[in-house]
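A.B. asks: Let me begin by handing over the structure; questions about it come next.
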Amino acid sequence: MAIKLRPPKFLRAFSAENISFALNSIRVQKLRSFLTLLGIVVGVATVITMVSLVVGFNSSITGAFASFGSTKVEIQKFDPRHGPNNGDIPPEQFRRPNLTLDDVEALKRNLTMAKAISPERYFWGGGTSIKNSRGDEANAPTLIGVMPEYVTVYNSEIEDGRFFVPSDIYHATRTCVIGYDTFKALFPRNDPIGRDIYFNGVPMKVVGLLKKKGTVMGNSLDNQIFIPFSTFDEMYPQVRNGRRETLYINIIPKSDYMVPYLIDEVTTVLRAKRSLKPSESNNFAVSSSDSELESMRTITNGIAAVMILIASIALIVGGVGVMNIMLVSVTERTREIGIRKALGATRKDIAAQFLVEAVTLTSVGGIAGIIFGIGGGYLVKLLTGFPAAAPLWSVILGFGVSTSVGLAAGLWPAVRAARQDPIEALRYE
């Protein structure tokens, strides 16, 4: 004897007949249904668009950190700062001693887990005119004083020429390695290797060109010029003697798993070098790429949470609209309810009809919102190149939320319809 399986009762409510009734109701009342669903569509579309942007932002940031060195440990004078008050440095941190090359030498002597150590000084755009022999000027590139270890720490690759060697540092040679943006600005049709560029009139020979890295959040990673560390100190002594960040020290470990142990080792070496007592706080900052990446993700996730909260208000408004329209529908179809009950429909049948209608209504709005949300993400990607992408879970979440709103909003109208007295309903005009 064959066993006939029947779906659960709550699924049997979603019969083809009930869904057909619901779709027909939407078709008959097009304008009313559109206005009712507007809040659902806006809410779901906003949620999916925001998730797409956050996923794209996190992907972009992760790629940028990978290009910088995914396991990089950074030492600097001030604690890392993010957000709107990025420039606000606590006054007590200005009293910290500057990082020096003596600190770098102490780290080189004592670290056992470091693969490469890169000291760097930065002179950000402005104040130095960078021109070629024809007078064409670069677009305010960042000037960076580096050692040969820089390319190892940052996973940088040479497109043409070479990077610096120890003799460049020892002799403070007037040489430079340029990024892709500087190359396009100064040598759009020529090989830059061996040519001179002029730093406020001082000639610097180009010995290398770095491979293109792209942009992060609209900021180019290729608008840079590198010069030997010793040459930088000769040309920009004000950076070495300043009160803000005078030196950055970046280190990569021999193996990825060593990052937390390397941080502990760096902290121990620098505390000993600076004769800090056990009760005294660090007068330097140590962070890793992972911690920086997590900080950035925390900020973006917080922004996304606020936007999703705003979108949820639209969903609530949409839910109230659905409940209102379903109550109106119950009133308009009172005689229909009476006829169905007279023909044998039970309370459950009536409740299921109106509940399925509410869920179908919001599901249509949810599908429209998903289409608009995904379309918004792709439009941003098409216009800006930003890697916005809606993950599958956000689509499922959007549809699930819209369906849940329909269940919640349709419950009371469905119960009210089911409680109608058939005799009174048949007499309703």
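Please treat every number below as a calculation from the coordinates, not as lab data. This one's a predicted model, so the numbers in the text were calculated from it and none came from an experiment. Every residue, glycine as well, gets a Cβ built from its backbone with ideal geometry; the counts of neighbours run over all protein chains shown.
A.B. asks: Work out the FRET efficiency for residue 29 and residue 155 from their Cβ-Cβ distance, taking R0 = 56 Å, and round it to the nearest 0.05.
C.D. replies: Numbers: r = 60 Å, r/R0 = 1.08.
Computed FRET efficiency for residue 29 and residue 155: 0.40.
A.B. asks: Assuming 0.36 nm per residue, please report the length gained on full extension of the stretch residue 276 to residue 165 beyond their Cα-Cα distance.
C.D. replies: On the way: separation 111, 0.36 × 111 = 39.96 nm, distance 3.53 nm.
Length difference between fully extended and current span is 36.4 nm.
A.B. asks: Restricting to bridges with both residues inside region 118-253, how much of the DSSP beta-bridge set is antiparallel, in percent to the nearest 5?
C.D. replies: Details: 20 of 29 bridges.
Bridges in region 118-253 that DSSP calls antiparallel: roughly 70 percent.
A.B. asks: Which of the trypsin sites (Lys or Arg not before Pro) found in region 93-193 are in a DSSP loop and have at most 16 neighbouring Cβ atoms, other than their own, within 10 Å? Walk me through the numbers on the way to the answer.
C.D. replies: On the way: sites: 95, 108, 109, 115, 121, 131, 134, 162, 174, 184, 189; in loops: 134, 162, 174, 189.
Within region 93-193, the qualifying trypsin sites (Lys or Arg not before Pro) (loop, at most 16 other Cβ atoms within 10 Å) are 134, 162, 189.
A.B. asks: Subtracting the Cα-Cα distance from 0.36 nm times the residue separation, let me have the gained length for residue 240 to residue 339 in nm, one decimal. Don't skip to the answer; put the middle values down first.
C.D. replies: Values: separation 99, 0.36 × 99 = 35.64 nm, distance 8.99 nm.
So the extension gain works out to 26.7 nm.
A.B. asks: Could you tell me the relative contact order of region 118-253? Use alpha-carbon pairs under 8 Å, at least six residues apart, and round to a whole percent.
C.D. replies: Numbers: 274 pairs, mean separation 48.1, N = 136.
Rounded, it is 35 percent for region 118-253.
A.B. asks: What trypsin sites (Lys or Arg not before Pro) does region 240-293 have in DSSP loop regions with at most 15 other beta carbons within 10 Å?
C.D. replies: Numbers: sites: 240, 243, 244, 254, 271, 273, 274; in loops: 243, 244, 254, 274.
Filter output for region 240-293: 243, 244, 254, 274.
A.B. asks: Number of Lys-Lys pairs in region 118-253 under 16 Å by Cα, sequence gap 8 or more or different chains? Don't jump to the answer; show the numbers that get you there.
C.D. replies: Details: 131/184; 131/205; 184/211; 184/212; 184/213.
Final tally of qualifying lysine pairs is 5.
A.B. asks: If r is the Cβ-Cβ distance from residue 316 to residue 346 and R0 is 30 Å, what FRET efficiency results, to the nearest 0.05?
C.D. replies: Numbers: r = 32 Å, r/R0 = 1.07.
After rounding, the FRET efficiency stands at 0.40.
A.B. asks: What dipole magnitude, in Debye to the nearest 20, does region 118-253 give about its Cα centre under +1 on Lys/Arg Cβ and -1 on Asp/Glu Cβ? Could the numbers behind the result be given before it?
C.D. replies: Details: 15 positive and 15 negative charges, 41 e Å.
Roughly 200 debye for region 118-253.
A.B. asks: Any chance you could run the full-extension gain for residue 379 through residue 94? It's 0.36 nm times the residue separation minus the Cα-Cα distance, nm to one decimal. Mind dumping the intermediate values first?
C.D. replies: Numbers: separation 285, 0.36 × 285 = 102.60 nm, distance 4.53 nm.
Separation in residues times 0.36 nm, less the Cα-Cα distance, equals 98.1 nm.
A.B. asks: Hey, another quick one. Mind listing which chymotrypsin sites (Phe, Trp or Tyr not before Pro) in region 77-170 are in a DSSP loop and have 16 or fewer other Cβ atoms within 10 Å? Mind dumping the intermediate values first?
C.D. replies: Values: sites: 78, 94, 122, 123, 124, 150, 154, 163, 164, 170; in loops: 78, 124, 154, 163, 164.
Qualifying residues, ordered by number: 78, 124.
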